[in-house]
Amino acid sequence: MSLLPSATEIVYALGLGGDLVGVTFECDEPAAARLEKEIVVGGRDTSGMTPAEIDSYVRDRLASGADLYTLHADALARLRPDLILTQDLCQVCALPSGHVTEALEFLGCRADVLSLDPYTLDEVLDTIVAVGERTRVTDRAEQVVAGLRSRLARVAARVAGRPRPRTAIVEWADPPFAAGHWIPDLVTVAGGEPVAARPGQRSEPIAWQEIAAAGPDVIIVAPCGYHLAGAVSQAVVATAALAGVPVWAIDADSLVVRPGPRLIDGVEAIAAILHPGAVPDPPGGQIALVHSPPGR
């Protein structure tokens, strides 16, 4: 049972989709996960809310001690999984592992709980191996990770020796959040220098003035929970705040914010932004130039 979208992606990358019995309402990759598996974690549909409204809603819920997600205990009891994949990394992203353990104890269910809590890109790759070890497909997991590391090395080789653009990735636009956790690592491997960032730390609010003071050469807007269209919409705010800097939008949910195998797609897409021609252009629908100041 997977209680976070990135874990669902890892399960399928390891060829274990047939063993998966339950997912969350946000597990949309692959699409079959949400269509064919039972939904065991629900939450509020925020699609009709503005970024500021979502931020306010999240802050209010957390301040009051209320949950952002609901674990369907009846489904947990009925499906009786052997292994539950969860996290303690971010209360906003998924149900914390402590809630899962409490539910299992209340229901009298026996299941191993594996919490996946990476803070760096290397740790993300380690979680793939950890899931492989717990599901007895260690060799397969190591092969998957070896393939991902090979792709990272290929990008690093193609951008080596080039100037490293100062790059600010914005995880949310209203209010702005500085990129944290593994996201600065993506910029570094892609041949950029992360600025206004918190590598290996939790993402935190930041003022537009602070981002400007960091002297970015490029802004990439990658709002958590949004694909490219939503990122483009939020990038308009960044354009207004930083009119003298090129602003790009990226499919954040697919490429940047979920700690799973597709982060390597994100590295390749960011490299295409920072070093045009050095790496192949990503498929359509992944990145978009939103603002290009005259002379830049």
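The values are calculated or read from the model by the stated rules, or taken from the named source; none is laboratory data. Please read these numbers as outputs of a predicted model, since none were measured by experiment. Glycine also receives a Cβ, built like all others from the backbone with ideal geometry; neighbour counts cover every protein chain displayed. Each accessible area value is taken on the protein alone, full model and side chains, heavy atoms only, with ligands, DNA and RNA left out. Shrake-Rupley method; radii C 1.70, N 1.55, O 1.52, S 1.80 Å.
Looking only at region 1-41, filter to residues that are of a type in the set (D, E, K, R) and within 17 Å of LEU79 (Cα to Cα); which one of those is least open to solvent (accessible area, probe 1.4 Å)?
Here the answer is LYS37.
When region 155-167 is examined, which residues are found to be assigned to a helix (DSSP H, G or I) and either more than 22 Å from the chain's Cα centre (by Cα) or among the aromatic types (Phe, Trp, Tyr) (or both)?
Of everything in region 155-167, those that are assigned to a helix (DSSP H, G or I) and either more than 22 Å from the chain's Cα centre (by Cα) or among the aromatic types (Phe, Trp, Tyr) (or both) turn out to be ALA157, ARG158, VAL159.
Taking GLN234, is it in contact with a strand residue (DSSP E or B) (Cβ under 7 Å, 6 or more places away or on another chain), polar (S, T, N, Q) and under 28 Å from ASP122 (Cβ atoms)?
Taking the combined requirement at face value, the residue does not satisfy it.
When you check VAL221 against the structure, is it in contact with a Leu (Cβ under 8 Å, 6 or more places away or on another chain), closer than 16 Å to LEU186 by Cβ and of a type in the set (A, V, I, L, M, F, W, C), yes or no?
So VAL221 does not fit the description; no.
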